Amino acid sequence: MTSSSDRSPAVDVSSPKTYEVRTYGCQMNVHDSERLSGLLEEAGYVPAPEGSDGDADVVVFNTCAVRENADNRLYGNLGRLAPRKATRPGMQIAVGGCLAQKDRDTIVKKAPWVDVVFGTHNIGKLPVLLERARVQEEAQVEIAESLEAFPSTLPTRRESAYAAWVSISVGCNNTCTFCIVPALRGKEKDRRTGDILAEIEALVGEGVSEITLLGQNVNAYGSDIGDREAFSKLLRACGTIEGLERVRFTSPHPRDFTDDVIAAMAETPNVMPQLHMPLQSGSDTVLKAMRRSYRQDRYLGIIEKVRAAMPDAAISTDIIVGFPGETEEDFEQTMHVVREARFTNAFTFQYSKRPGTPAATMEGQIPKEVVQSRYERLVALQEEISWDENKKQVGRTLELMVAEGEGRKDGATHRLSGRAPDNRLVHFTKPDQEVRPGDVVTVEITYAAPHHLLAEGAVLDVRRTRAGDAWEKRNAQEAAKPAGVMLGLPQIGVPAPLPVATGGCAAH
């Protein structure tokens with residue numbers, strides 16, 4: 001366990017240093033970045049003004065190693081900061097996350113102006129490593145091989161006053177052949193249920209009304225503590241927390257998706273009728289090559305049971321196109337599952353070869369043009385289904401939790417945005433009375449697009465909430481500060497509705 005003295009080296013408070021955290025990858029990284037920000041603020045740093053774009057005393061890159069271009073993206077960004085660092089005495093650059101865990105000393109060799117490299121298991125050491133690099137005037141590379149402190153025990157600077165991530169486990173016990181994450185995040189380690197519930201209750205006490213339970217394989221929770229029904233029990237326990245209005249989770253694995261979880265979702269009022277469950281492929285042959293421990297029938301059987309228990313549930317997924325050896329017949333099996341499952345949304349990825357994974361050296365690597373063609377056909381099919389499923393929402397009356405920053409055109413259209421219980425994004429007409437992020441409005445859906453809904457009529461009801469009060473209080477406090485607040489990634493506010501930038505980590 002990292003001591004508080006290790007986490008909090010002295011910073012000259014007469015001239016506060018600024019920081020910026022840039023985040024890539026899955027929700028686990030987003031949650032880790034909240035912790036990194038909390039650690040830096042506990043050590044005396046302050047957020048850089050919004051839009052600073054690297055003009056900070058400390059710039060931290062929290063990296064992802066899932067996609068093929070992860071390395072190029074990191075080194076490109078580091079290269080752009082090199083001349084700025086050369087002209088700004090005392091500026092420091094740190095690199096953490098999965099790519100740091102994987103590349104270790106390579107980062108400093110390729111970018112010798114980097115001051116600190118730290119891994120996924122020791123994010124709590126960032127402030128002391130920055131201080132050590134400053135004092136010793138040399139790069140500090142420290143990669144722990146096992147978890148030093150569970151991330152949720154570290155200080156945090158949550159970017160939303162009304163919605164929060166709550167990590168229930170770290171690591172993954174699966175051996176998917178396309179994924180490098182288990183090698184970087186380690187074996188699954190579960191938090192004690194009491195600690196999770198205590199964190200949720202504390203968050204609710206601060207005004208949070210929506211939480212998202214987070215894990216690389218979230219519904220495997222309990223495997224580390226020997227209780228196969230621990231996850232369903234946790235969901236039911238969340239239902240007893242007064243003031244907690246919405247509970248979500250991401251991302252589950254079909255192997256561990258048991259009937260008791262479906263029952264807990266259906267019978268616990270504040271667990272939302274939403275499920276994001278990665279498919280990856282609809283072909284049994286490809287699933288076997290991927291070492292995915294389920295087959296098409298099993299997957300579609302889960303979908304059928306979920307819909308029987310929760311007819312209005314919105315179900316989304318992740319799909320990889322062009323895995324080594326995938327034939328046209330294999331691809332058609334994926335298209336078949338998409339037609340049968342009728343996903344609300346699907347995050348589709350072209351297979352990305354990652355060194356260190358078994359799939360990278362498999363025979364039958366698919367030509368780029370074939371993968372691209374299949375990808376485009378899959379996207380077109382899913383777009384059609386998404387639109388058809390959204391059209392079924394027209395005429396429905398829905399309660400929306402008002403969101404912050406989710407409607408890019410809201411200012412021009414005089415609308416606000418919110419999330420329905422099933423997590424669909426809805427843009428609605430701005431009412432005459434004040435509505436704050438975290439408040440709840442009732443609207444009637446009038447129009448559907450493939451990726452959002454519109455409620456163009458008058459808002460039917462506005463319910464001011466403790467979450468809205470919390471947002472208002474935080475907003476007033478931030479307005480009084482001299483510097484703006486930014487972590488370098490716009491979507492870090494409310495927990496993202498789905499794994500927008502995954503394909504790995506939290507999407508297995």
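Over the Cα atoms of the chain, what radius of gyration and what Dmax do you get, in Å?
In order Rg, Dmax, the Cα atoms of the chain give 22.6, 67 Å.
Roll a 1.4 Å probe over the protein heavy atoms and report the accessible area of THR258 in Å², nearest 10.
Counting only protein heavy atoms, the figure is 40 Å².
How do ARG415, ARG463, ARG22 stack up against each other in accessible area, from largest to smallest, with a 1.4 angstrom probe?
Reading off the accessible areas and sorting them downward yields ARG463, ARG415, ARG22.
Quick one: what Rg and Dmax do you get for the range 360-404 from the alpha carbons, in Å?
18.5, 52
For the chain, what is the accessible area per residue in Å² when the probe is 1.4 Å?
On a per-residue basis, 40 Å².
Less than 20 Å apart at the alpha-carbon level, and either on another chain or at least 8 residues along: which lysines does that give for LYS473?
LYS481
Mind grabbing the accessible area of ARG466 for me, 1.4 Å probe, Å², rounded to tens?
Approximately 120 Å² of ARG466 is accessible to the 1.4 Å probe.
Aspartates and glutamates near LYS187 by alpha-carbon distance under 13 Å, same-chain residues fewer than 8 away left out - which ones?
Once the sequence-local aspartates and glutamates are set aside, what remains near LYS187 is GLU145, ASP224.
How much mean residue ellipticity at 222 nm does the chain get from its helices, if each DSSP H run of length 4 or more adds -39500 (n - 2.57) and you divide by all residues, to the nearest 500 deg cm²/dmol?
It lands at -10500 deg cm²/dmol.
Based on alpha-carbon atoms only, what is the radius of gyration of the range 253-330 relative to the globular estimate 2.2 N^0.38 Å?
Here the answer is 1.20, to two decimals.
What order do ARG307, ARG73 take when sorted by accessible area (1.4 Å probe), most exposed first?
So the residues, ranked largest to smallest area, are ARG73, ARG307.
Can you flag which of LYS189/LYS233; LYS102/LYS353; LYS109/LYS368; LYS102/LYS288 are past 21 Å Cα-Cα?
Result: LYS109/LYS368; LYS102/LYS288 exceed 21 Å.
Enumerate the amide H contacts of GLN274 below 5 Å, restricted to partners 5 or more residues apart or on another chain; note that Pro and chain-start residues carry no placed amide H.
Sorted by chain and number, the residues that satisfy this are ALA314.
What per residue convex hull volume, in Å³, do the alpha-carbon atoms of the range 302-369 yield?
110
Over the range 192-278, with a single point scatterer placed on each C-alpha, what log10 of the ratio I(q)/I(0) does the Debye formula yield at q = 0.21 1/Å?
Calculated log10 I(q)/I(0) at the listed q: -1.00.
Can you put TRP113, TRP471, TRP165 in order of accessible area, largest first, using a 1.4 Å probe?
Largest to smallest exposure gives the sequence TRP113, TRP471, TRP165.
Using a 1.4 Å probe on the protein chains only, how many percent of the accessible area of the chain belongs to carbon and sulfur?
49
Using Cα-only point scatterers and the Debye equation, what is log10 of I(q)/I(0) for the range 342-492 at each q in 0.15, 0.16, 0.17 Å⁻¹, rounded to two decimals?
Log10 of I(q)/I(0), two decimals: -0.88, -0.94, -1.00.
At 1.4 Å probe size, what's the solvent-accessible area of LYS17? Round to the nearest 10 Å².
60
Please list, or write none, the lysines whose alpha carbon is within less than 19 Å of the alpha carbon of LYS430, excluding same-chain residues fewer than 8 places away.
Partners within reach: LYS409.
Explain nothing, just the number: relative contact order of the range 152-292, from Cα pairs under 8 Å at least 6 residues apart, as a whole percent.
24
List the GluC sites (Glu not before Pro) within the range 31-118 that DSSP assigns to loop and that have no more than 16 neighbouring Cβ atoms inside 10 Å.
GLU50, GLU68
The values are calculated or read from the model by the stated rules, or taken from the named source; none is laboratory data. From a predicted model like this one, the values you see are computed outputs, not experimental measurements. Reconstructed Cβ throughout: ideal geometry from the backbone, glycine too, with neighbour counts over all protein chains shown. These area figures cover heavy atoms from the full protein model, side chains too; ligands, DNA and RNA do not enter into them. Shrake-Rupley method; radii C 1.70, N 1.55, O 1.52, S 1.80 Å.
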